[in-house]
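What follows is one structure encoded as structure tokens, with my remarks underneath.
The values are calculated or read from the model by the stated rules, or taken from the named source; none is laboratory data. Predicted model, so just to flag it, every value in this text is computed and none were measured. Don't worry about glycine lacking a Cβ; one is built from the backbone with ideal geometry, like all the others, and counts go over all protein chains shown.
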């Protein structure tokens, strides 16, 4: 078995209101010096064998991330 | 024979019934379409209603895009069929790449629900030909992820090609770039709109009847062919 891990983050120029809300909550928790919080997503896909790079790219760019507003990175574990 | 306008129900759709009422109020025959059935039942136009299709899982509209009915809607839209996406329907159209850009969480970090003034900018689409450019209309708005974003090049293209269909007036409710409330594709048959014209077709329940024009426009566009 292989594990495909896809991390998705909003592009830097896209506003992240969820991250801002987390930042506000961190301050209320008493955490000092938080300059910025950005929230993303992580997908862990268990597969019999890892698809090739082109297929991984298709999966990430077609479904897991909306490339208009998000960037993604893909890596494969356990191969 | 009255034109037949389909309204898709996805799991989590909320405004499909109101959209069908609006279609009927405009004088067309509403046809209920189901997300899991690829057939469009021979309709002449399609409305993708508001709501939270598939629970907004992954991203708003991202799962709906891959539903069986959407494959047919996407094909029909490319063939020129009028398609209107309202709110979640607009998000689905962007995820389907029938419209450029994307809709993100409101900059105010709150769900916004209020009556909203809009200015109709484009009166040549299949869904706005019964308006005149510059018309100011009042329709309900209710969204949590209604901020329209696109890169500068895309925004400039939309502006230069006259593809901004409607803009927020007075106060931008959600941080949409350039106050954009709705856009159209390059052939004017596909329109996405974040506010809800289907809730403004009857004086008893709406703040106005200003929204009815979207549905009578489609009827006129279908007759015109």
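Here residue B:6 meets each of (1) part of a strand (DSSP E or B); (2) under 15 Å from residue B:201 (Cβ atoms) with one exception, condition (2). Residues in region B:62-86 that are part of a loop (DSSP other than H, G, I, E, B) and over 19 Å from residue B:189 (Cβ atoms): B:62, B:63, B:67. Each residue in region B:128-176 was checked for being within 14 Å of chain A (Cβ to nearest Cβ) and closer than 27 Å to residue B:14 by Cα, and 13 of them qualify. Hey, can you tell me all the residues within region A:4-28 that are surrounded by fewer than 10 Cβ atoms within 10 Å (Cβ to Cβ) and more than 14 Å from every other protein chain (Cβ to nearest Cβ)? Within region A:4-28, just A:28 meets the criteria. Within region B:53-75, the set of residues being free of Cβ contacts under 8 Å to residues at least 60 places away in the same chain, over 14 Å from residue B:37 (Cα atoms) and buried (at least 20 other Cβ atoms within 10 Å of the Cβ) comprises B:53, B:54, B:59, B:61, B:62, B:63. Screening residue B:39 with (1) within 30 Å of residue B:170 (Cβ to Cβ); (2) away from every other protein chain (no Cβ under 12 Å) gives one miss only, at (1). A residue that is within 28 Å of residue B:172 (Cα to Cα) and either within 13 Å of the chain's Cα centre (by Cα) or at pLDDT below 95 (or both) can be found somewhere in region B:6-17. Of the strands (runs of 3 or more DSSP E) entirely within region B:88-170, those holding at least 2 residues that are surrounded by fewer than 22 Cβ atoms within 10 Å (Cβ to Cβ) occupy B:112-120, B:136-143, B:164-168.
Applying a threshold of 8 Å to beta carbon distances and a minimum spacing of six or more residues, or different chains, the list of pairs starting in region A:43-71 at a residue that is away from every other protein chain (no Cβ under 12 Å) and ending at one that is part of a helix (DSSP H, G or I) and surrounded by 11 or more Cβ atoms within 10 Å (Cβ to Cβ) reads A:45/A:59; A:50/A:56; A:51/A:59.
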